[in-house]
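Colleague: Below is a structure I'd like to ask you about.
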Protein chains: 4
Amino acid sequence: MTEPIGHHRWAIAEGYIPGSSTGPPETMTSHETACILNAGDAEAHVEIMAFFTDREPVGPYRVTVPARRTLHQRFNDLDDPAPIPRDTPYASIITSDVPIVVQHTRLDSRQAENALLSTIAFPVAG
Amino acid sequence: MTEPIGHHRWAIAEGYIPGSSTGPPETMTSHETACILNAGDAEAHVEIMAFFTDREPVGPYRVTVPARRTLHQRFNDLDDPAPIPRDTPYASIITSDVPIVVQHTRLDSRQAENALLSTIAFPVAG
Amino acid sequence: MTEPIGHHRWAIAEGYIPGSSTGPPETMTSHETACILNAGDAEAHVEIMAFFTDREPVGPYRVTVPARRTLHQRFNDLDDPAPIPRDTPYASIITSDVPIVVQHTRLDSRQAENALLSTIAFPVAG
Amino acid sequence: MTEPIGHHRWAIAEGYIPGSSTGPPETMTSHETACILNAGDAEAHVEIMAFFTDREPVGPYRVTVPARRTLHQRFNDLDDPAPIPRDTPYASIITSDVPIVVQHTRLDSRQAENALLSTIAFPVAG
């Protein structure tokens, strides 16, 4: 079960971190997450590029996913080279040196009860 | 990171703009969005056709996505050649002259707390 | 825009019609829908088979989608050869004589505020 | 309608069982489900491996899906070799000896009104 699985590049066309939240911090903070699975035996070096409506792409943000591990990376926590702005439409492309699987999830707690969305990202290549 | 990514044509079989909303206008208005990512270096000229239950398709609606940009196009805002009717099932086909990635999202605020759904659109060709 | 688009067969592994609802009937009744897009110029003759946990599959349920139309078919409304039971896990396979696109959506209004889920169905063949 | 459909291996990069719930037990307990459809005439022997952020994968969990049946397996109920921890990010790979279709769903009832997400899993091979 340790062979590499997935693709080297994924795209997420939907991105939007709500700027407000309701409920206990951290778990109920409005957030978006790129869930990355690295099922293989080699560490994955991952680069995330963020695309916007009216300016040049920002990145790459760099994260590492160890062998046989999953990383649920909150876009809220990316800050180098710059934080992802809140209440702003964006999109992202996620590139890895080894095959990975990527799924995208948002928790929106702007109103009293949270809402969720999730979808598999779009696999681009190999 | 600026090569074109995705497909020229996408289909979204689910479409339904709720006719009522709760909460602050604009951000919490019930809406549906086609999130389009154009990762390439050429402007994308995009045509959207809307399909209905009981009449001929309407369109094309035309939008442009600049190079290396994302456009989160609300179906609510399409009005040429005609607005998308509310509380009415529809579907859409999105065609671009360059490769794009498309994801579909709905925010439904008919009740006090909003609900969300999202899915990658269906990639049709090249 | 009128060439056929999609696949002849789709699978939806998730199925569950909540047995109770809150809110105005019809629009807010808990339901599941197979959203079918027939973008081509020939009428689509569609057969739906329902699979269960502990008994043989039921069907086919037969629906027709005219040329260049979408049909958002509620599983709640299928009743020949038998209604889909409520509060019961099921799955479905949708087969058409011409290419179609299928997306699956549930509205769950068991509690005061509705929840939504949606995903593209799994395309099986041609 | 009884030929095998789908793939032998699927990946779900998103996994998170909320540790608290609101509402009637069982139906409204926060949970995650792998919905598995075995449309073929042979019993499916399925193995689920769970991946984590900071330790080695756990499993395989073994489940059987009879011929022409669907199994909506709650991750909450897996306990051999070990329960899936709550409030903990995880991912999963699902492998079967015959083709199956897999969809992933979460019901989150930490707050008074439940939220739902669902997506088709990522098909890995044959």
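The values are calculated or read from the model by the stated rules, or taken from the named source; none is laboratory data. Note that this is a predicted model, so its numbers are computed, not measured. For neighbour counting, all protein chains shown are included, and Cβ atoms are generated from backbone atoms with ideal geometry for every residue, glycine included. For the accessible areas, the whole protein counts, side chains as well, though only heavy atoms, and no ligand, DNA or RNA atoms are used. Shrake-Rupley method; radii C 1.70, N 1.55, O 1.52, S 1.80 Å.
Colleague: With all distinct Cα pairs included, what does the Kirkwood hydrodynamic radius of region C:27-104 come out to in Å, to one decimal, could you say?
Modeller: 13.1 Å
Colleague: While we're here: Report, as an integer, the average count of C-beta atoms from other chains found within 10 Å of each Cβ along A:85-94.
Modeller: 3
Colleague: What does the net charge come to around B:V124 if you take all other residues with beta carbon closer than 12 Å to its beta carbon, with K and R at +1 and D and E at -1?
Modeller: For residues surrounding B:V124, the net value is 0.
Colleague: What total accessible surface area, summed over both chains, is buried at the interface between chains C and D, computed with a 1.4 Å probe and given in Å² to the nearest 100?
Modeller: That pair of chains buries around 2700 Å² in total.
Colleague: Once each part is reduced to its C-alpha centroid, what is the distance from region B:44-104 to region A:78-100 in angstrom?
Modeller: Between the Cα centres of region B:44-104 and region A:78-100 lies a distance of 26 Å.
Colleague: For the pair A:A67 and D:T64, how long in nm is the line joining their label points, each one 7 Å along Cα→Cβ?
Modeller: Modelled inter-label distance: 3.5 nm.
Colleague: To continue, here is another question. Run the numbers on region A:66-84: which residues show a drop of 40 Å² or more in accessible area, chain on its own versus all protein chains together, using a 1.4 Å probe over heavy atoms?
Modeller: When all protein chains are present, A:R68, A:R69, A:T70, A:H72 each give up 40 Å² or more of accessible surface.
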